[in-house]
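*Asks:* Quick one: the structure is below, questions incoming.
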Amino acid sequence: MLQTANAAPVQVCQADYHNPLHAQALVDLLDAYAQDPAGGGAALGAFAKANLATELAARPQAFSVLAFAGGQAVGLVNCIEGFSTFACRPLVNVHDVAVLASHRGRRVAEQMLALVETIARQRGACKLTLEVLAGNASAIRLYERVGFAGYELDPAMGKAQFFQKRLG
């Protein structure tokens with residue numbers, strides 16, 4: 001638990017997708033992140049808002065971490081377990097990291113990522129992965145501070161790049 005001057009202590013927990021308070025916090029925080037320029041600048045659609053917690057709960061490979069300060073949800077990390085074929089072990093992809101603007105700079109994300117790492121280790125994961133926009137300098141500093149680094153197998157082949165292909 002971290003406390004800053006004139007601020008409520010921050011408490012982090014693994015989200016319970018069946019808890020209505022956690023489910024609403026998940027949607028509200030992800031929607032706030034989606035509306036931020038780092039999240040694309042557009043609100044979540046009605047389908048995502050109505051079904052997010054239920055759909056995540058249906059996937060045992062998914063888990064989320066929430067941060068609360070003074071009873072208010074202020075941070076979210078969504079994770080999806082994958083599999084490393086080279087290590088023949090699970091890996092955990094940190095899919096979303098969101099902290100309300102009012103609580104940025106207070107190491108909320110750092111606390112949430114520490115719990116993510118604990119949960120990943122409990123699942124037997126060999127590594128955490130994530131992607132970040134090149135222009136999100138504060139997030140890059142955070143990730144480097146907590147031990148993330150660019151991914152490469154052989155320096156001669158260069159660093160990995162993230163690609164996507166939309167399917168609809």
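The numbers here are math on the coordinates, done by the rules we state, and not lab data. A quick note: this is a predicted structure, and the numbers were derived from the prediction, not measured. For neighbour counting, all protein chains shown are included, and Cβ atoms are generated from backbone atoms with ideal geometry for every residue, glycine included.
*Asks:* Restricting to the stretch 128-161, name every residue that is surrounded by 10 or more Cβ atoms within 10 Å (Cβ to Cβ) and either under 13 Å from the mean Cα position of the chain (by Cα) or on the phi > 0 side of the Ramachandran plot (or both).
*Replies:* If the condition is that a residue be surrounded by 10 or more Cβ atoms within 10 Å (Cβ to Cβ) and either under 13 Å from the mean Cα position of the chain (by Cα) or on the phi > 0 side of the Ramachandran plot (or both), then Leu128, Thr129, Leu130, Glu131, Val132, Ala139, Leu142, Tyr143, Gly158 are the ones that fit.
*Asks:* May I pose another question? Before we move on, is Leu30 outside any helix (DSSP H, G or I) and surrounded by 14 or more Cβ atoms within 10 Å (Cβ to Cβ)?
*Replies:* no
*Asks:* If I go through the stretch 38-93 residue by residue, how many of them are under 12 Å from Val27 (Cβ atoms) and either surrounded by 12 or more Cβ atoms within 10 Å (Cβ to Cβ) or touching a residue at least 12 places away in the same chain (Cβ under 8 Å) (or both)?
*Replies:* 16
*Asks:* Sticking with this one: Scanning the stretch 95-107 for residues that are of a type in the set (Gly, Ala, Ser) and assigned to a helix (DSSP H, G or I), which turns out surrounded by the most Cβ atoms within 10 Å (Cβ to Cβ)?
*Replies:* Among those that are of a type in the set (Gly, Ala, Ser) and assigned to a helix (DSSP H, G or I), it is Ser102.
Here is a yes/no grid of residues against (1) farther than 23 Å from Ala32 by Cα; (2) in a strand (DSSP E or B); (3) touching a Pro at 6+ places or on another chain (Cβ under 6 Å):
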residue	(1), (2), (3)
Leu66	no, yes, no
Asn93	no, yes, no
Ala109	no, no, no
Thr118	yes, no, no
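*Asks:* Continuing with this model, one more query. Being exposed (fewer than 13 other Cβ atoms within 10 Å of the Cβ) and either touching a residue at least 40 places away in the same chain (Cβ under 8 Å) or touching a Ser or Thr at 6+ places or on another chain (Cβ under 7 Å) (or both) is the filter here, so list the residues in the stretch 2-23 that pass it.
*Replies:* Of everything in the stretch 2-23, just one residue is exposed (fewer than 13 other Cβ atoms within 10 Å of the Cβ) and either touching a residue at least 40 places away in the same chain (Cβ under 8 Å) or touching a Ser or Thr at 6+ places or on another chain (Cβ under 7 Å) (or both), namely Pro9.
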